[in-house]
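These notes concern the structure reproduced below.
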Amino acid sequence: MNKNTINRGVQRSPCPISTSLDIWGDKWSLLIIRDMMLFNKNTYGEFSNSMKKIATNILASRLVDLEQSGLISKEEHPDSKAKIFYKLTQKGIDLLPIIAEMNLWAAKYYEIGPKAKEVNKMLKKDKAGFIKSRTAVLKKL
């Protein structure tokens, strides 16, 4: 993939923040990445069930965008030929420290849910260790 390819188009700006937002800056893409990173979700059905009120066409579109951006890949599901198994690429796994920091920032200023509290507790105890262990798990998938 060309380094300048962004979500079915071309990189619009040399600004790293703008470029990043073009790739994963919408709500649903970040939630898909979060679910894959932190909650071991890997199928369309798992994403659909975990994200309230996401339209099926939006979920399908975001999965295509994330794949075309090189953040996820898809393969045959190990347990069912009827399912597709999505996994993070190294490029996607490299977002883990950013997701961790976003989680910590939100917990500092807003009420968060029980799953996020559990993740935050681990991050506060040993952020580097958490990131290292989750990265190892994600690379094995």
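Answer with one residue from Gln68, Asn49, Leu38: the one whose Cα lies farthest towards the positive end of the charge dipole of region 5-140, charges on Cβ with Lys, Arg +1 and Asp, Glu -1.
Checked the options; the winner is Leu38.
Could you tell me which GluC sites (Glu not before Pro) in region 58-141 are loop residues by DSSP with no more than 13 other beta carbons within 10 angstrom of their beta carbon? Write out the running numbers ahead of the final one.
Values: sites: Glu67, Glu75, Glu76, Glu101, Glu111, Glu118; in loops: Glu111.
Here the GluC sites (Glu not before Pro) that fit, given the DSSP loop and packing criteria, are Glu111.
Exposure proxy check: Met36, Met102, Met51 ranked by fewest other beta carbons within 10 Å? Before the final figure, lay out the partial values.
Details: Met36 25, Met102 13, Met51 18.
Fewest-to-most Cβ neighbours within 10 Å comes out as Met102, Met51, Met36.
Using +1 at the C-beta of Lys and Arg and -1 at the C-beta of Asp and Glu, which of Val137, Ala106, Met122 has the Cα lying farthest in the positive direction of the dipole of region 82-141?
The Cα lying farthest towards the positive end belongs to Val137.
Under 10 Å, Cα contacts only: if you run a Gaussian network model on the chain, which one of Asn42, Asn57, Asn103 comes out with the highest mean-square fluctuation?
Sorting by GNM fluctuation, first place goes to Asn57.
Which ³J(HN,Hα) values in Hz, rounded to whole numbers, follow from the phi angles of region 96-109 under the Karplus curve 6.51 cos²θ - 1.76 cosθ + 1.60, where θ = phi - 60° and Gly and Pro get x?
With coefficients 6.51, -1.76 and 1.60, one gets 3, x, 5, 4, 4, 5, 4, 4, 5, 4, 4, 5, 5, 10 Hz.
May I ask you to derive the relative contact order of the chain, considering only C-alpha pairs under 8 Å and at least 6 residues apart, and to give it as an integer percent?
Numbers: 121 pairs, mean separation 28.8, N = 141.
In percent, rounded to a whole number, it is 20.
Please return the longest stretch of the chain lacking exposed loop sites, where trypsin sites (Lys or Arg not before Pro) count only if DSSP places them in a loop and at most 15 other Cβ atoms lie within 10 Å. Intermediate values should be presented prior to the final figure.
On the way: sites that count: Lys3, Arg8, Arg12, Lys52, Lys53, Lys81, Lys83.
No qualifying site falls inside 84-141, the longest such stretch.
Looking only at Cα atoms, what is the convex hull volume of region 5-140 per residue, in Å³? Don't skip to the end; give the middle numbers.
Working: hull volume 17.0 nm³, N = 136.
Normalising the Cα hull of region 5-140 by residue number yields 125 Å³.
If you put +1 on each Lys and Arg Cβ and -1 on each Asp and Glu Cβ, how big is the dipole of region 1-128 around its Cα centre, in Debye rounded to 20? Don't jump to the answer; show the numbers that get you there.
Numbers: 21 positive and 14 negative charges, 54 e Å.
Here the size comes out at about 260 debye.
Quick note: the coordinates plus some simple rules give every number you see, no bench work behind them. The shown structure was predicted, so the numbers you read here are calculated from the model rather than taken from an experiment. Quick reminder, even Gly has a Cβ in these numbers, built from the backbone with ideal geometry, and neighbours come from all protein chains shown.
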